[in-house]
1. Would a scan of region B:295-316 turn up a residue that is outside any loop (DSSP other than H, G, I, E, B), closer than 30 Å to residue A:249 by Cα and either free of Cβ contacts under 8 Å to residues at least 12 places away in the same chain or not acidic (Asp, Glu) (or both)?
2. Restricting attention to region B:248-303, report how many residues are polar (S, T, N, Q) and in contact with a Lys or Arg (Cβ under 7 Å, 6 or more places away or on another chain).
3. Inside region B:194-219, can you point out the residues that are in contact (Cβ under 8 Å) with a residue 60 or more places away in the chain and either part of a helix (DSSP H, G or I) or of a type in the set (A, V, I, L, M) (or both)?
4. If you go through region B:71-112, how many residues are β-branched (Val, Ile, Thr), over 30 Å from residue B:24 (Cα atoms) and outside any loop (DSSP other than H, G, I, E, B)?
5. Quick test for you: out of A:149, A:155, pick the one residue that is outside the structural domain of residue A:199 (by TED's automatic domain parsing) and at pLDDT below 90.
6. Does region A:300-317 contain at least one residue that is more than 14 Å from chain B (Cβ to nearest Cβ), in contact with a helix residue (DSSP H, G or I) (Cβ under 7 Å, 6 or more places away or on another chain) and surrounded by 24 or more Cβ atoms within 10 Å (Cβ to Cβ)?
7. If you go through region A:60-90, how many residues are hydrophobic (A, V, I, L, M, F, W, C), at the interface with chain B (Cβ under 8 Å from one of its Cβ atoms) and touching a Gly at 6+ places or on another chain (Cβ under 6 Å)?
8. For region A:205-238, which positions are under 18 Å from residue A:263 (Cα atoms) and within 22 Å of the chain's Cα centre (by Cα)?
Number of protein chains: 2
Amino acid sequence: MGKVSIRDVASLAGVSIATVSQVLNGKGARFSEKTKAKVLAARDEIGYVPNASARSLKQGAKILIGVVVPSLRNPFFGDLVQHMQENIPDNVSLSIMTAGAGQADQTVEILVNSGVHGIIMAGQLAQPVAIASSLKKRGIALVVLENHDGLVDADAVFASDKMGGHLVAEHLLALGHKHVVLLGNQVYTDNLQYRTAAFKETMLAAGAKVSEVATRNLTKHAGRAAAMAVSITQATAAFALNDELAIGLIAGLNAHGIQVPNDMSVIGYDDTDYAEFFRPALTTVEQPLWLIAEAAMKTVVARINHPDAERQVAAFDTKLIVRESTAPLS
Amino acid sequence: MGKVSIRDVASLAGVSIATVSQVLNGKGARFSEKTKAKVLAARDEIGYVPNASARSLKQGAKILIGVVVPSLRNPFFGDLVQHMQENIPDNVSLSIMTAGAGQADQTVEILVNSGVHGIIMAGQLAQPVAIASSLKKRGIALVVLENHDGLVDADAVFASDKMGGHLVAEHLLALGHKHVVLLGNQVYTDNLQYRTAAFKETMLAAGAKVSEVATRNLTKHAGRAAAMAVSITQATAAFALNDELAIGLIAGLNAHGIQVPNDMSVIGYDDTDYAEFFRPALTTVEQPLWLIAEAAMKTVVARINHPDAERQVAAFDTKLIVRESTAPLS
């Protein structure tokens, strides 16, 4: 197959080359939605990618992989990226981009324009199915770090959030807690939805009560700000949706004179690098980051080399890590 | 001036286009050092950049900025990048790359090849003067986050490490400590060299004793592993070169039955996001990350728009943050 050019896209869409260029470079505000849709459809149909990413992948050629994470302020994602960096073959480079809420889809296009051959998506796509399909047609590999059965055009690598949520509930129930706060933000990603659903299901099936306290985001600061709201529920334990929230919550509870774990148990999620260094050391759920990073890297490189291979899905177990922040109900 | 092509580089260097391509793409191992040097000199002389980055910067065009950090496992750098992300104009995107020891120079070339218009360097270049000169000739903006007078071809944004090291020493001296451990890795970057020099100078001028304990790197794990070595010095306080080391050291000292700050004072550096959440809350030196991030972003964009403007240097003050991990000598 000859190389597909911007001229081919323009021809198929029935518009000028200048129009295609402006639409694909995000400068198409003055064109109608219909025109933009035609250009995007034509691009996908013939699999056009801009020059930078149209490099042929000869033996030993340099491969550029884009990694999208929601925030690098959360050490979970910093650690994930660092594990990837430590697992890359010599001829691969990582370009990392952060994408806040609603920005992941647009970030994919920026990465494509900067010449990536594949993308590892650790953020939440707004239109995952459409993006996956578009990237597949354009010959760019996509690996998502989530469990989403509808994503037939993307390989997936993840640690089971269903198992994780279940492990948390089982641990708190075994300690005798019958009323637990679920602490986290309201706009759940797919992973967080699986995590919370499994947690609530297990708690409710055992006859326990779950109160929910929403936070603005998943940071230490949001966790600390929620301490008062958590304490007035009269619950005896809290499940914070990640370690950041848990550490913030513990600090906030301390400031209100509530000691963890004596007065309230707190469990986090992720087993971030600092969880064992914190006092009280954090009880949490470990996601095997090094395995996820290694598998994601292998999967995206394999997809680049074998675009037509079957869909790959790697699911890893999560593991309960019991430390000092949870205790039996007194 | 017409567009400079790879053909021009080959012609000037007196070698084939294939040779230029292979050398510039890091696949020139089979060529002599002399040939490689000729190619690089010719590239710099005529200011050649590969296609991806040769985009003209018309009004409103997309700007791609590369950011190089040593590691994203250290929350200091994750936080720095996140502040940058929160400060970017609409038409700017960030491509973040991590570069371990000795890899920063090579990472610059990967970013140039992926089409960046400018680079913010938070890592340690092995050949800063040569890289800065080369990027300048090629019309790519460079901002380094360090204080290095010899870097005439790069703009600089930094918080004063001289002031920071001095503040640490003054604080420990005021608390009555006369023998202090300096804990950190041996391969100092420029910033760490300024920091340690100012610290030692102030301590020694006051007649205090400084013992040094080297670590493998600047992580929590390295700090914890150094606890025994720190304790046998019989020093009454420790200055860990960053918060990561400090938090690891405190955990390691605890494990040996040494309480902070009662038995030993520990001070960190950076005022990372978690320093206030840790117990004991960490005494440390704040680098104004949001100011550094904002200035770096403004400076690199200004340099892209005005390549021939005078060199810009922005120096910010550091600030001592006293919390619970340091106490008067008992």
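The values are calculated or read from the model by the stated rules, or taken from the named source; none is laboratory data. For clarity, every value in this text was computed on a predicted model and none was experimentally measured. Cβ atoms come from the backbone with ideal geometry, glycine included; neighbour counts cover every protein chain shown.
1. no
2. Selection size over region B:248-303: 1.
3. Answer for region B:194-219, where residues must be in contact (Cβ under 8 Å) with a residue 60 or more places away in the chain and either part of a helix (DSSP H, G or I) or of a type in the set (A, V, I, L, M) (or both): B:195, B:218.
4. So the answer is 0.
5. After ruling out the rest, the residue left standing is A:149.
6. So far as region A:300-317 goes, no, none of its residues is more than 14 Å from chain B (Cβ to nearest Cβ), in contact with a helix residue (DSSP H, G or I) (Cβ under 7 Å, 6 or more places away or on another chain) and surrounded by 24 or more Cβ atoms within 10 Å (Cβ to Cβ).
7. The number of residues fulfilling the criteria is 2.
8. Scanning region A:205-238 gives a single hit, A:223.
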